[in-house]
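To keep things clear, I will list the structure first and then write my remarks on it.
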Amino acid sequence: MMKKKRNPAAMDTIIGEHTTFRGNAESDSSIKVIGRVEGDIKAAGDVIILVNAVVVGNIWAENLVVAGMVTGNVHANNNLHLESTARLKGDMEVHSFVTDEGAVFEGNCKMIES
């Protein structure tokens, strides 16, 4: 049996616009949220929270892009990007972050070594 090669860049999970997912989600690649997640998200790759998406829970990712609303703590091994429509209420632990004008962040920020 061949072990499936992990590809963190692959976008293999999408939580759709009219979907509410309750529970914790874990992925060896990336997750895109267009709808609502109530629970923690852990991804080996990237996590993308689109403009009308809502996440109530903690997020662990390689890179995290937030355009929607997140209530919970976020951990990005690499980069966090808060787009202009982002609302993040919780603490962030990131290697680096970029914030666009208009983004709202309430919480503490801790910079970590990669």
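Here are the numbers:
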read-out: Residue check, ASN79 modelled with pLDDT of 95 or more and either assigned to a strand (DSSP E or B) or on the phi > 0 side of the Ramachandran plot (or both); value: yes
read-out: Any chance MET92 is open to solvent by less than 40 Å² (accessible area, probe 1.4 Å), out of contact with any Pro (no Cβ under 9 Å at 6 or more places or on another chain) and at pLDDT 95 or above; value: yes
read-out: Filter result (surrounded by fewer than 17 Cβ atoms within 10 Å (Cβ to Cβ) and under 15 Å from ALA43 (Cα atoms)) within the range 78-89; value: ASN78
read-out: In the range 48-75, the residues that are open to solvent by 10 Å² or more (accessible area, probe 1.4 Å) and assigned to a strand (DSSP E or B); value: ILE48, VAL54, VAL56, TRP60, ASN63, VAL65, MET69, THR71, HIS75
read-out: Residues being under 19 Å from VAL37 (Cα atoms) and free of Cβ contacts under 8 Å to residues at least 24 places away in the same chain - total across the range 87-104; value: 5
read-out: For ILE31: the one exception among (1) assigned to a strand (DSSP E or B); (2) more than 22 Å from GLU113 (Cα to Cα); (3) at pLDDT 95 or above; (4) open to solvent by 10 Å² or more (accessible area, probe 1.4 Å); value: (4)
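The values are calculated or read from the model by the stated rules, or taken from the named source; none is laboratory data. As the structure is a prediction and not an experimental result, all values here were calculated from the model. Note that we place each Cβ from the backbone using ideal geometry, even for glycine, and neighbour counts take in every protein chain shown. SASA here: full protein model, heavy atoms, side chains in, ligands and nucleic acids out. Shrake-Rupley method; radii C 1.70, N 1.55, O 1.52, S 1.80 Å.
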